[in-house]
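In what follows, a single structure is set out as structure tokens and then discussed.
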Amino acid sequence: MKYQWLVIALALAAGLFARYIMDSNDPEVAREPYYPMNYLESGTEVIDLFAPEDNRIRLVYFGYTQCPDICPTSLAVLSAALKATPQQQRDKLWPIFISLDPARDTADKTAQYTAYFDAEITGATGTVQQIKALADTYGVLYIKNELKNSEIKYVIDHNSYFYFLKPTGELIKKLPHMASPAQLIATIPIIISATTK
């Protein structure tokens, strides 16, 4: 009887090993290395969203570079708010744009995109798993919608908020999409004052 269990165990192990070998040779099986969600890429650099030694408040916006309307408007609003914020307060703020479309938005492309709006905004991207983990953490809703007979092939429909985060990643406040920077300009000093005492 014990030999029967041994044979079953060996057969199971052999089956799992064979499946592993087959999957590793199958180009259709997508694999990404695991990275913690806070280590993202921007240009040629790796950034740590939750770096403990960087005590700036994170001001994060989630979008993608081929977004036709909401993302450019939001980045323009963010840029205007930064320009209206005194330098002493800006020094305590880290504005970051995180792409929801890592398949198309490379680290270089995302960094260049945000630089069009403001050099102080860090454009970052990561793996599909990292972006999903961040989106889940902060309640970012997004979905890929295919576009037939279109050169861009698909769009990413997403909600639109500015997220103020502590250096640990803890959410302080989120503000909905706005057409004017006034609310963001008013909120920045309040958040900085309340969290950097």
Do any residues in the stretch 169-197 that are touching a residue at least 24 places away in the same chain (Cβ under 8 Å) and over 16 Å from residue 91 (Cβ atoms) have Cβ atoms under 7 Å from those of residues that are open to solvent by 60 Å² or more (accessible area, probe 1.4 Å) and charged (D, E, K, R), where the two are at least six apart or on different chains, and which pairs are they? 172/166
Any hit, the stretch 141-157, residues being more than 17 Å from residue 68 (Cβ to Cβ) and in contact (Cβ under 8 Å) with a residue 24 or more places away in the chain: no
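Select from the stretch 107-129 the residues that are in a helix (DSSP H, G or I) and either open to solvent by 10 Å² or more (accessible area, probe 1.4 Å) or among the aliphatic types (A, V, I, L, M) (or both) and list them in ascending order.
Filtering the stretch 107-129 for residues in a helix (DSSP H, G or I) gives 107-117, 128-129.
107, 108, 109, 111, 112, 113, 115, 116, 117, 128, 129, listed by residue number.
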Determine the pairs where a residue that is at pLDDT 95 or above, located within the stretch 37-54, has a partner that is open to solvent by less than 100 Å² (accessible area, probe 1.4 Å) and basic (Lys, Arg) with Cβ atoms under 8 Å apart, the partner being 6 or more residues away or on another chain. 49/58
Can we say residue 144 is over 12 Å from the mean Cα position of the chain (by Cα) and within 19 Å of residue 49 (Cβ to Cβ)? no
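Being farther than 20 Å from residue 49 by Cβ and surrounded by 16 or more Cβ atoms within 10 Å (Cβ to Cβ) is the filter here; which residues of the stretch 82-106 pass it? Let's see the steps before the verdict.
Taking the stretch 82-106 as the starting set, the residues that turn out to be farther than 20 Å from residue 49 by Cβ are 83-89, 103-104.
Selection gives 85, 89, 104.
The values are calculated or read from the model by the stated rules, or taken from the named source; none is laboratory data. Quick caveat: nothing in here was measured; it's all calculated off a predicted structure. Note: ideal-geometry Cβ built from the backbone for every residue, glycine included; neighbour counts use all protein chains shown. Keep in mind that these areas ignore ligands, DNA and RNA; they rest on the heavy atoms of the full protein, side chains included. Shrake-Rupley method; radii C 1.70, N 1.55, O 1.52, S 1.80 Å.
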